[in-house]
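Written below as structure tokens is the structure these notes are about.
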Amino acid sequence: MTADLESRIAALPCWRGEVKLEPLAGGLSNAAFIVADGAERYVARCGDDIPVHHVFRDRERAASVAAHAAGLSPEVVHCEPGVMVIRYIDGRTLAEADLRSNIGRIATLLGACHRDLARHLEGPANTFWVFHVIRDYARMLQAASGGNDRDLSRYVRLADALEAGQIPLPIVFGHHDLLPGNLLDDGRRLWLIDWEYGGFGTAMFDLANLAANGGFSPADDLELLEAYFRATGARGAPALVRRDESGERVARGDLGHGLRDSPCGTGRRLSSARRGLPRAHRRSAGALRREAWQSRRRGLTITAL
């Protein structure tokens, strides 16, 4: 399979010379290669739709193209079913600690995403609503377990209650997968990559996702909110900030609080669920299990704000 995929990549019409491929580790839902054609370097991302994870490559491609036009991501130079080629960024991926030490830079990048990307988007677009995602995962797991998983039912009730507590918020185009590895620093600026979950939603999921994945403290939360609202020129910050007993200004609710206990953390039971899935989806179910352990704090208690 890998040899066939490498042969397919080598035969793409976008190259200007003989190509050399180097596997790029770290992808959970796609295979990726660094490709050198004698003139430049590129990244070839290869993967099919994964409906069980709400991943559709045509939507990812549209978001990636719009993200480049908005100045957020490297250029997409070639697309065909199952393969997308983007220009290589010579930089390093961030680590968890880097999220905390680059709050202002990331907030500016995120603000540009929410403010500008949608104006460059063409064609159908995703909607990302974490409560729907949770319910859909729960249905899959319930079907695999025969519908007798009480924990899943409890998680769904919790998701429903949190959804009901949402306040009206502006709709923006968000990234929705702010793992440290999806941010690159080339020494001059930050880049935001991997738009599989890009879609319309509210800004609060991205903010909570970033805070959770970075292990932010309450002070970090406040810094993020203030930097984000400065970047976007929004006027909602006071509603998300309160004073504690000592009079210090803090974020209203922990942006990442409780996410580690959210329904997204049920991925550990996907080993058994995989038996109930079509063969084509078994690999993606395993990817969800790994993702759930890595980023299981991924966005439920944003409603605490």
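Here, each number is a calculation from the coordinates, and none is a lab measurement. Note that the structure is predicted; figures quoted are calculated from it, not measured. Heads up, the Cβs are rebuilt from the backbone with ideal geometry, glycines too, and the neighbour counts pull from every protein chain shown.
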Here the gain from full extension of residue 153 to residue 188, 0.36 nm per residue of separation minus their alpha-carbon distance, amounts to 7.9 nm
Taking every other residue with Cβ under 15 Å from the Cβ of residue 11 and scoring Lys and Arg +1, Asp and Glu -1, one gets -2
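Please give the contour-minus-distance gain from residue 10 to residue 171: 0.36 nm per residue of separation, less the Cα-Cα distance, rounded to one decimal in nm.
Working: separation 161, 0.36 × 161 = 57.96 nm, distance 4.06 nm.
So the chain would gain 53.9 nm between residue 10 and residue 171.
Cut-off is 10 Å between beta-carbons; in what order do 88, 197 appear when sorted fewest neighbours first?
Details: 88 16, 197 25.
Going from sparsest to densest Cβ surroundings: 88, 197.
State whether the stretch 2-87 is rounded, prolate or oblate according to the following rule on the C-alpha gyration tensor (a ≥ b ≥ c being the square roots of its eigenvalues): a/c under 1.5 gives rounded; otherwise a/b larger than b/c gives prolate, and the remaining case gives oblate. Walk me through the numbers on the way to the answer.
Details: a/c = 1.90, a/b = 1.23, b/c = 1.54.
Oblate.
Ordered by packing density, taken as the mean number of other Cβ atoms within 10 Å over each peptide's residues, highest first, how do 93-100, 148-155 rank?
On the way: 93-100: 16.5, 148-155: 14.4.
Packing order, densest peptide first, comes out as 93-100, 148-155.
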